[in-house]
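Take a look at the structure below.
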Ligand SMILES: Cc1ncc(COP(=O)(O)O)c(C=O)c1O
């Protein structure tokens, strides 16, 4: 008999079942998807060959430039952040190692260690603490065999952002104990006030992971990256990659490169739209008697708490009103559900109106 430790991810099942069928998508965790023709790219001369295993050096250089003291050799370009997370966990940890994973979070963070049969514990963010991690709770969970701590800030789905002071404190602790911190910075460029420093620049015990998927609205190109001052992390990832995806798509690397070369210009419009969309959610929340919410400080998602079953609410909303949100059971937190505000403003307004109707009827 074959032992299968890989299970389907509840969040991805929910997406597969509903997201492609709806009229109003207010559950997605990125900005509005771009069409290729909207991006003004020059792709005619892209050679459709295998690329270097760790990614196109020019693209690695552009990414390294975001981190003060890193060179292109400290960067690996991967098939989305998803491949980075998998490869880091697979190469850095073994079955005797313990991992601490912040929750709620992008669910792969706990599915991958479970699939790889690592010892993993969830570290929950609490509504009562404004979804801010507490240092005492986190350090209390560290064991002699803890190898990796995984945090995501701005957080998906809560939108919470740790302070720079907190980040520096946890880095001090992991350095003392020779633990690694995987910091998922997917939403860093969408922080509403000053962003945190890119964490990989602060210590060789930190691994930064990020992606083109959410901020730039191009998840379909499947390009993400890992950055670390510790080159053995990049070399470890390479060994996993050679046995899985081999290299990235040449076409998708070219798209990522051209977009990142005009990153600052693109970000002005994107951040402006995200902030004005959040205002729509903020105003809408003022009239909600059955919901409570911690205002997000970055990203494109928020995580309100509902008095009744959120699975019932989200299923009713999608089946009756063709409006897509994400129930909290996908994040191990049943009383909450995710609203995404990265899309078109009109779609967001209509989706929220449908959500009002669904809440009344439930
Ligand atoms: C915080 C976070 N990290 C990583 C990912 C994976 O992104 P991708 O593999 O598309 O780059 C997601 C996707 O939802 C996410 O929300």
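Bear in mind that the values in this text are calculations on the coordinates, not laboratory data. The structure displayed is predicted, hence computed values, not measured ones. No Cβ is skipped: glycine too gets one built from the backbone with ideal geometry, and neighbour counts run over all protein chains shown.
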Handout entry: Cα Rg, Dmax, segment 282-351, angstrom units
Key = 11.7, 32
Completion exercise
Of all C-alpha pairs within segment 1-63, those more than 16 angstrom apart amount in percent to 73
Handout entry: Least to most buried among 152, 51 (fewest other Cβ within 10 Å first)
Key = 51, 152
Problem - Scaled radius of gyration (Cα, divided by 2.2 N^0.38 Å) that segment 1-153 gives - result: 1.30
Practice task
Provide the three semi-axes, in whole Å and in decreasing order, of the ellipsoid equivalent to segment 40-263 as defined by the square roots of 5 times the Cα gyration tensor eigenvalues.
Solution key: 29, 19, 15
Exercise for the section: In a Gaussian network model over the chain where Cα atoms closer than 10 Å are linked, find which of 144, 57, 133 has the largest mean-square fluctuation. Expected result: 144
Problem - the chain - mean residue ellipticity at 222 nm from DSSP helices (-39,500 (n - 2.57) per run, n ≥ 4, rounded to 500) - result: -11500 deg cm²/dmol
Handout entry: Rg/Rg_ref, segment 242-303, where Rg_ref = 2.2 N^0.38 Å and atoms are Cα
Key = 1.74
Problem - For segment 233-362, convex hull of alpha carbons as volume per residue, Å³ - result: 174
Completion exercise
A correct fewest-to-most ranking of 29, 276, 84 by other Cβ atoms within 10 Å would be 276, 29, 84
Exercise for the section: Would you please report the Å³ per residue occupied by the convex hull of the alpha carbon atoms in segment 162-320? Expected result: 185
Practice task
Quick one: compute a quarter of the convex hull surface over the Cα atoms of segment 112-157 and quote it in nm².
Solution key: 3.9
Handout entry: Rounded to 5, the percent of DSSP beta bridges in segment 40-263 classed as antiparallel
Key = 30
Handout entry: Computed log₁₀ I(q)/I(0) - Debye formula, equal Cα scatterers, no solvent, segment 69-199, q 0.18 Å⁻¹
Key = -1.08
Practice task
Rank these for me by crowding, 110, 166, 225, going from fewest to most other beta carbons within 10 Å.
Solution key: 166, 110, 225
